[in-house]
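Inspection log for the structure reproduced underneath, given as structure tokens.
The values are calculated or read from the model by the stated rules, or taken from the named source; none is laboratory data. Predicted model only: the values in this text are computed from it and were never measured. Note: ideal-geometry Cβ built from the backbone for every residue, glycine included; neighbour counts use all protein chains shown. Accessible surface is based on the protein model in full, side chains and every heavy atom, while ligands, DNA and RNA are left aside. Shrake-Rupley method; radii C 1.70, N 1.55, O 1.52, S 1.80 Å.
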2 protein chains.
Amino acid sequence: MYKENIRVIGIDDGPFTFKNRSTVVVGVVVRGKSYVEGVVKSRVRIDGDDATDTLKRIVLKSRFADQIRIIMIDGITLGGFNAVDMDELYSAAGKPVISITRELPDETKVKEALMKYFENWESMIEIIERHPLIEVKTDYNPIYIKFCGMDEDEAKRVVKSSIIRGCIPEPIRLAHIIASAFVLGESKGNA
Amino acid sequence: MYKENIRVIGIDDGPFTFKNRSTVVVGVVVRGKSYVEGVVKSRVRIDGDDATDTLKRIVLKSRFADQIRIIMIDGITLGGFNAVDMDELYSAAGKPVISITRELPDETKVKEALMKYFENWESMIEIIERHPLIEVKTDYNPIYIKFCGMDEDEAKRVVKSSIIRGCIPEPIRLAHIIASAFVLGESKGNA
């Protein structure tokens, strides 16, 4: 059971074009429903393989490392197809991981793209598809999550209780706004 | 009279050393007590004279321009001695301006520094000292404000009602955390 006032780190990447070699990744440490305690910034390579290590560093080297209870990520990949191995992150950081997406991905298209562009497509697909996508109903649209290190009911409850408006958990929404402003100069759109 | 749910933009600059030629300025649009709606980023020159123009641009070119009701700034200078002309900002943006500081500045030291390093020290001192510093009591330490475009009672009430914890108005606290992360990779300290 997680208390109301736990600290969650919400993580999202900044916008990029395929001309960029890397993009910003922002982690926002939120206490309770919406109190921002800190912001951490790093970078990942576009279509690289450093997302898992980058997130370990963001979480573990942060001065909030001890206090963070749950890691929430916008999607299972950052910077294009830079896949986050949720289990590796969970065991390195010792904190449950929830990845969130607003739309069901077209898995066939994803597979085709991975097979076309990446030599290690099999291991990438294994990382991306290891955990099933679970629907979470919200007052607005449903969202979909993958999780590890906690059970389904807990994961759903943490996600629901972290939403203020719409269907995006607040730590993810804030990470999106800040990452977007880092890159564009002004935040745009939703997570 | 300002309603509870108005939008305030809180502005702070990022940390810098005197080797830097410019530093980041961040504006955070906050609705009501703490709901972050957007983040805007720009830069000012260290000890330059572009702070007023930069803030005009941040406020007026933002997609939140119409909705922002009050501009709050951390201090009366950004990027060292880059002074913000509050009256010019107020008349250009059409929104009241409040500048906030946690400690009473040592005016003699400030004057000495300005006279030593700046040819236009007289006009800088005029901008910086035009409005008196008014003490605002909080549940924690008192803070000091300058304001224009609104009366003293309103300014005090807006400032007090924007504090969640400690003595720093939430829009300023958030701008500080984000600007600091932009520069250092991780937010540090308080506004």
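Observations, loosely collected:
- Only Cα pairs under 8 Å and 6+ residues apart enter the sum, and on that basis the relative contact order of chain B stands at 25 percent.
- Å² per residue, accessible surface of region B:1-58 at 1.4 Å: 47
- Sparsely packed GluC sites (Glu not before Pro) within region A:71-124, loop by DSSP, other Cβ within 10 Å at most 11: A:103, A:119
- FRET efficiency for residue B:144 and residue A:101, using Cβ-Cβ distance with R0 set to 45 Å, rounded to 0.05: 0.45
- Point-to-point label distance, residue B:151-residue A:18, nm (Cα→Cβ direction, 7 Å offset): 6.2
- Total formal charge among the other residues, if their Cβ is under 9 angstrom from that of residue B:130, Lys/Arg +1 and Asp/Glu -1: -3
- Average beta-carbon neighbours from other chains, 10 Å sphere, peptide A:24-34: 2
- Where labels lie 7 Å past Cα in the beta-carbon direction, separation of residue A:133 and residue A:113 in nm: 1.2
- Taken over region A:1-146, lysine pairs spaced eight or more positions apart, or on distinct chains, with alpha carbons under 15 Å apart number 8.
- ³J(HN,Hα), Karplus 6.51/-1.76/1.60, whole Hz, each residue of region A:100-111, x for Gly, Pro: 10, 9, 8, 10, 5, x, 7, 5, 5, 5, 4, 4
- Considering only region B:17-143, percent of DSSP beta bridges that pair antiparallel, nearest 5: 75
- Charge tally around residue B:26: other residues with Cβ under 13 Å, Lys/Arg +1 each, Asp/Glu -1 each, net 0.
- Rounded to the nearest whole Hz, the Karplus-based 3J(HN,Hα) values (6.51 cos²θ - 1.76 cosθ + 1.60, θ = phi - 60°) of region A:10-27 follow the sequence x, 10, 8, 9, x, x, 7, 10, 6, 6, 6, 8, 8, 9, 6, 10, 10, x, with x at glycine and proline.
- Heavy-atom accessible area with a 1.4 Å probe sorts A:139, A:74, A:151, largest first, into A:139, A:151, A:74.
- Chain B against chain A buries an accessible area of about 2300 Å², both chains summed, 1.4 Å probe radius.
- Calculated [θ] (222 nm, deg cm²/dmol) that DSSP helices of n ≥ 4 give over chain A, each run adding -39,500 (n - 2.57): -10000 deg cm²/dmol
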